[in-house]
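Presented below is the structure to which this report refers.
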Amino acid sequence: MGNYVTKEQIDNWPYGMSDEDQEQRIELAEETIEKALGKKFYEHEFSNHFSGNGVDYLDLGFQEPLISITKVVKQRYDGSESELGDYWFDDWAVRGQMFAHEGLAYLIEGTKGIIPAPAGIKVAAKHYVRYLNDETEYDTYQRGRVSQGSLDVTDMRKPITGVEKVDEMLRHYTKKRITIHML
C-alpha cells in the first residue's frame, strides 16, 4: 500500500497487471514525486550526525518539520559517547546548552515528515500513477516545449514530472527561491 494512493483508487490498471506490479507502480510514482520535491509527506525516521555550532540550538536543515527526537548522543574527540537528555526541539531545530561546545559531533535520531499528507499530493500521485498506466490520457511537456495534441507551444517552466496536470498540482509544494535585489 502506498503512502498517498491505494490500488483501489486507480481505475485504469492495464488488463492482467498483478497486484505486485501495481504496488511497484504506486511506489515508483510516489518516489518520483518525493525526489522531485525533496521531501516526504508522511512520518519517517532519520539518523544523522551534526557538528556543534557554538550556540544553544542546532538547526537540522531538513525540508520537513521534526515530529520527535528519540536520541541525542554527544561524540567526543577521544571516541567516547554519552547520551544526552537535557534538550527540547521545535519544528526545525534541537535546542539545549550542550550545543554550545563548538566542534563536537552529535548523533541525532528521530522522526520527521509532513502529516497528514496534503490532499494535493495525494491527488497528484493518483494522476501520476494513471499517467504511468496510460500515457495517452495526459498532456506532457519539456522545458521549452509543450505538446497538446498536434500543437507545440513554447513553455519555459521547469518540469517536475513532465506531466502537465501533475506538475500544476505539485508546483504548490516546491521550494520557493527568494531573490534579493540591491538598490
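Tell me, yes or no, whether segment 1-19 has at least one residue that is under 11 Å from the mean Cα position of the chain (by Cα) and farther than 20 Å from Ala119 by Cβ. Working first, answer last.
So in segment 1-19, the residues under 11 Å from the mean Cα position of the chain (by Cα) come out as none.
Within segment 1-19 (the criterion being under 11 Å from the mean Cα position of the chain (by Cα) and farther than 20 Å from Ala119 by Cβ), the answer is no, since none of the residues qualifies.
Give just the number: which of (1) over 14 Å from the mean Cα position of the chain (by Cα); (2) under 24 Å from Ile67 (Cβ atoms); (3) part of a helix (DSSP H, G or I); (4) not acidic (Asp, Glu) does Arg25 not satisfy?
Status for Arg25: all satisfied but (2).
I'd like to know if segment 56-64 contains one or more residues that are in contact (Cβ under 8 Å) with a residue 12 or more places away in the chain, part of a strand (DSSP E or B) and either crowded, with 16+ Cβ neighbours inside 10 Å or small (Gly, Ala, Ser) (or both).
Yes.
Filter segment 65-85 down to the residues that are within 23 Å of Tyr173 (Cβ to Cβ) and either touching a helix residue (DSSP H, G or I) at 6+ places or on another chain (Cβ under 6 Å) or among the aliphatic types (A, V, I, L, M) (or both), then identify the one that is surrounded by the most Cβ atoms within 10 Å (Cβ to Cβ).
Leu66
Quick check: anything in segment 160-171 more than 21 Å from the chain's Cα centre (by Cα), within 29 Å of Ile26 (Cβ to Cβ) and at pLDDT below 90? Before you say what the answer is, go through the steps one by one.
Step one: of segment 160-171, the residues more than 21 Å from the chain's Cα centre (by Cα) are none.
No, the conditions are met nowhere in segment 160-171.
Tell me which of these Ala105 doesn't satisfy, since it passes every other one: (1) within 24 Å of Lys40 (Cβ to Cβ); (2) touching a strand residue (DSSP E or B) at 6+ places or on another chain (Cβ under 9 Å).
(1)
Please work out which one of (1) in the same structural domain as Glu23 (by TED's automatic domain parsing); (2) in a loop (DSSP other than H, G, I, E, B); (3) of a type in the set (Phe, Trp, Tyr) is the condition Tyr77 fails and give its number.
For Tyr77, the exception is condition (1).
The values are calculated or read from the model by the stated rules, or taken from the named source; none is laboratory data. This one's a predicted model, so the numbers in the text were calculated from it and none came from an experiment. Don't worry about glycine lacking a Cβ; one is built from the backbone with ideal geometry, like all the others, and counts go over all protein chains shown.
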